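One structure is given below, encoded as structure tokens.
The values are calculated or read from the model by the stated rules, or taken from the named source; none is laboratory data. The structure presented is a predicted model; accordingly, all values stated were derived computationally and were not measured. For neighbour counting, all protein chains shown are included, and Cβ atoms are generated from backbone atoms with ideal geometry for every residue, glycine included.
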Amino acid sequence: MTARKRFGQHFLRDPGVLRRIVEAIDPLRGDAIVEIGPGEGALTRPLLERVDRLSAIEIDRDLAARLAAEFPPARLSLQCADALAFDFSAFPDGVRIVGNLPYNISTPLLFHLAGFADRVRDMHFLLQKEVVDRMVAKPSTRAYGRLSVTLQVRFAMQKLFSVAPGAFRPPPKVDSALVRLVPLPGVAIPENFAEVVRRAFSARRKTLRNALPLQAADFRALGIDPQLRPENLSPADYVRIACRVNDVGAIASV
């Protein structure tokens, strides 16, 4: 089937890479697993060899129809829907989410999935390598940014291995990588956290004093140098800043 550019489709075809992905996921028979973007079913089939039942979300109606014709509903529960708008709380606690994610929606989809971290056991995604590098980047590095902070405050993440373009049809112009995300226990995140991080990194070349609605005294109380830039802070620092913004009543200006 011809890949559709508007859906960012690059179908994974390499048996060796598929085997390594399944080994990394290590599914058990009774696991609740959701596959995002099953496409032609290259990953779906080996997963169904290991689990009793699989759920999948596919936006392409033609591909969804082909998968529905191949697998009975008792084995493959298929939702023809946009994962960006999907309510993942519909799945049971401890769900495992996997997928070869389209490059054109990977970042907003990761932001969306971060909101369901408390319901997830783990996630394994094949993504553009540059995106994975941003996800796991350390503070004060070029790749570190809003995506890094938003995910690292909720997940322990590990880049597992890289995948060359030739493993896909059609081949993308960049390398890919498999990443594992495991939710961190007991994380309390202020409601304004996402907006504080967004505001900080929208002005990442400014100092914190000029990027965020806090006074120098507030930064001193937090033990943070207001002359630092947004990329110099850890995810935990942003949690403390968000709490301080709430405490001083500056949330309306964020």
On the given criteria, is LEU181 touching a Leu at 6+ places or on another chain (Cβ under 9 Å), within 29 Å of VAL22 (Cα to Cα) and not polar (S, T, N, Q)?
yes
Just to check your reading of the model, which residue among LEU101, LEU84, LEU63 is under 27 Å from VAL174 (Cα atoms), buried (at least 20 other Cβ atoms within 10 Å of the Cβ) and under 18 Å from the mean Cα position of the chain (by Cα)?
LEU101
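Kindly indicate which of PHE116, PHE125, PHE91 is under 12 Å from the mean Cα position of the chain (by Cα), surrounded by 14 or more Cβ atoms within 10 Å (Cβ to Cβ), closer than 21 Å to PRO27 by Cβ and touching a residue at least 40 places away in the same chain (Cβ under 8 Å). Outline the logic, then answer.
On the way: PHE116 fails: touching a residue at least 40 places away in the same chain (Cβ under 8 Å); PHE91 fails: under 12 Å from the mean Cα position of the chain (by Cα).
Testing whether each residue is under 12 Å from the mean Cα position of the chain (by Cα), surrounded by 14 or more Cβ atoms within 10 Å (Cβ to Cβ), closer than 21 Å to PRO27 by Cβ and touching a residue at least 40 places away in the same chain (Cβ under 8 Å) leaves just PHE125.
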Residue that is touching a residue at least 60 places away in the same chain (Cβ under 8 Å), in a strand (DSSP E or B), assigned by TED's automatic domain parsing to the domain that holds LEU160 and not acidic (Asp, Glu), where the choices are ARG20, ARG96, ARG66:
ARG96
Is one or more of the residues making up the range 130-143 modelled with pLDDT of 95 or more, in contact with an Asp or Glu (Cβ under 9 Å, 6 or more places away or on another chain) and of a type in the set (S, T, N, Q)?
yes
Exactly one of ARG13, ARG19, ARG50 is farther than 30 Å from ILE189 by Cα, of a type in the set (Lys, Arg) and modelled with pLDDT under 95, and that one is ARG13
Across the range 124-156, what is the total count of residues that are more than 15 Å from ALA236 (Cα to Cα) and not in a loop (DSSP other than H, G, I, E, B)?
12
By residue number, the members of the range 217-254 that are outside any loop (DSSP other than H, G, I, E, B) and at pLDDT below 90 are ASN246, ASP247, ILE251, ALA252, SER253
